[in-house]
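First the structure, in the form of structure tokens, and then the observations on it.
What follows is calculated from the coordinates using simple rules that are stated; it is not laboratory data. As the structure is a prediction and not an experimental result, all values here were calculated from the model. Neighbour counts are summed over all protein chains in view; Cβ atoms, including those assigned to glycine, are modelled from backbone coordinates with ideal geometry.
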Ligand SMILES: Nc1ncnc2c1ncn2[C@@H]1O[C@H](COP(=O)(O)OP(=O)(O)OP(=O)(O)O)[C@@H](O)[C@H]1O
Ligand SMILES: [Mg+2]
């Protein structure tokens with residue numbers, strides 16, 4: 001059966017949506033991302049940015065996507081042993097990136113540009129007071145990553161990210177890149193569990 005957009009909710013991310021439109025949209029976007037990225041040999045792609053308040057499951061969902069990308073990497077290793085290292089998968093926390101740049105490790109930008117799939121968790125976390133050089137270097141990473149599979153999570157709105165760094169926010173929306181911003185509408189998962197008892 002052909003895979004149509006209507007058929008994209010088939011991956012089980014062990015993610016509860018409670019029927020929330022915003023969470024449903026996140027899962028749908030995660031499906032589209034994985035189903036486009038997973039076929040063997042598909043190295044070129046787009047970005048997915050998951051935004052929304054703390055505790056709604058952005059990292060949970062992104063970690064499932066990251067796991068699937070690692071399986072793709074390992075699968076391609078088996079299918080095409082001669083190209084065993086070709087689908088490179090990496091993950092970094094925003095805070096680690098900030099620390100590396102502030103510590104003078106500018107080579108980290110090349111390490112983030114190289115992978116075919118990159119996941120950056122908690123982008124812009126505690127960005128107030130973050131030095132300009134960090135955003136300048138991150139902007140370079142973003143420029144070089146246009147057209148590559150890239151996943152961001154963060155608990156700031158796109159407007160906030162734009163006010164911190166317009167270059168990064170603008171690229172999140174370019175070339176078919178997708179932003180799902182749940183805003184303040186979705187409640188923290190743990191609170192919801194508590195309230196439903
Ligand atoms: N929709 C969900 N379905 C299942 N588990 C969830 C869901 N949302 C959150 N959780 C669980 O709640 C905890 C917090 O979720 P998570 O860390 O993914 O939140 P977050 O949106 O990334 O928050 P932050 O912005 O603070 O990083 C995790 O243990 C996660 O597995
Ligand atoms: Mg998180």
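Note on the chain: GNM, Cα springs under 10 Å; of 53, 107, 171, the largest mean-square fluctuation is that of 107. For residue 131 and residue 110, a Förster radius of 25 Å and the Cβ-Cβ distance give a FRET efficiency of 0.80, rounded to the nearest 0.05. Of interest is the spacing of the C-alpha centroids, which for the range 94-159 and the range 160-175 amounts to 12 Å. Annotation for residue 174 and residue 40: the two label points, set 7 Å from Cα along the Cα-Cβ direction, are 3.4 nm apart. Counted over the range 12-184, the DSSP beta bridges are approximately 5% antiparallel. For the range 155-197, backbone nitrogen atoms closer than 15 Å to the point 7 Å from residue 21 Cα along Cα-to-C-beta are found at 180-187.
What residue among 130, 49, 153 has the largest mean-square fluctuation in a Gaussian network model of the chain, using Cα springs under 10 Å? Comparing 130, 49, 153 in a Gaussian network model of the chain, the most mobile one is 130.
Between 102, 69, 172, the Gaussian network model of the chain with springs among Cα atoms under 10 angstrom shows the greatest mean-square fluctuation at 102. The label-point distance for residue 102 and residue 163, in a model that sets each label 7 Å from Cα toward Cβ, rounds to 2.2 nm.
This ranking places 197, 93, 72 by how few other beta-carbon atoms lie within 10 Å of each, fewest first, which gives 197, 93, 72.
What shape does the chain have by the C-alpha gyration tensor, where a ≥ b ≥ c are the square roots of the eigenvalues, rounded means a/c under 1.5, and otherwise prolate means a/b greater than b/c and oblate the rest? The shape class here is oblate.
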